[in-house]
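Just so you know, all these numbers are worked out from the coordinates, no wet-lab data involved. Model, not experiment: these values are computed from the prediction. FYI the Cβ positions are ideal-geometry reconstructions off the backbone, even for glycines, and counts take in every protein chain you see.
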Amino acid sequence: MAQAVDITHAAGHGHGDDHTEHGGHGHAGTGIENRKLMMWLFLASDCMFFGSLIATYMIYRNRTSDLGVGPYPHELIDIPFTSVSAFVLLMSSLTMVLSLGSLQKGNIRNSRIWLAATAILGSTFLGGQFFEFTEFYHEGLTLQSNIFGSTFFTLTGFHGLHVGLGVLWLLTLLFVSLRGGLKKENAMTLEIAGLYWHFVDIVWIVIFTLVYLLPYNEEVSSGEHAARGQEIAQQLLRLF
């Protein structure tokens, strides 16, 4: 009987050690931590959401000229300014990687510095987007002004909302870190936030390319505009 009790106690002790080793979080059958798997599933659904918004924008991007209602995209788009904003957001992905790497090495101080830098860069991007929206509004572009305004503000606005939520998440983690709650052994918490942040950056690369860099050829006929937009939209839907 004593031997049976000892075996039971040893088994229970081993189970507790395993639970502690994984930080109290279970792992899926694939070996991926449950929280990380849930984040991947969320990003997959968000990918389809942005895919539909981008496809809609590509279908209607040149219909403004058909209706004869301005202002037109080529009159408003400022590629140099937006390029700087895009560069700032992309650099925030680098600082996010540096923050996670520092935390995984146990360098809490550097992790906090890079995490704060990521939040600052994200906030700078949001400031640039707010400035751009304000300038477009002063030029007469609103959600109700024409099709371009409706699709543009919806697409870029939802992306800005995602960036804003990401900045709040990063600031929360920074606050937790300053109170000693973010250490090497729970680096997975920061890694999950990093997955979300990198996703937001990748989505902006797609938006920046299609909305700002793809030329708006006003001399092309409306039928060719529609055909091009639908072709690109179909390719995007296949990808997402």
Long-range amide H partners of L214 with built H, under 5 Å: none
Segment I113-T154, extension gain: residue separation times 0.36 nm, minus the distance between their alpha carbons: 11.4 nm
Segment T134-L94, extension gain: residue separation times 0.36 nm, minus the distance between their alpha carbons: 11.5 nm
Extreme residue, positive dipole direction of the range 33-239, given options G127, P71, L115 (C-beta unit charges): L115
5 angstrom amide H check on E33, placed H, neighbours 5+ away: A28
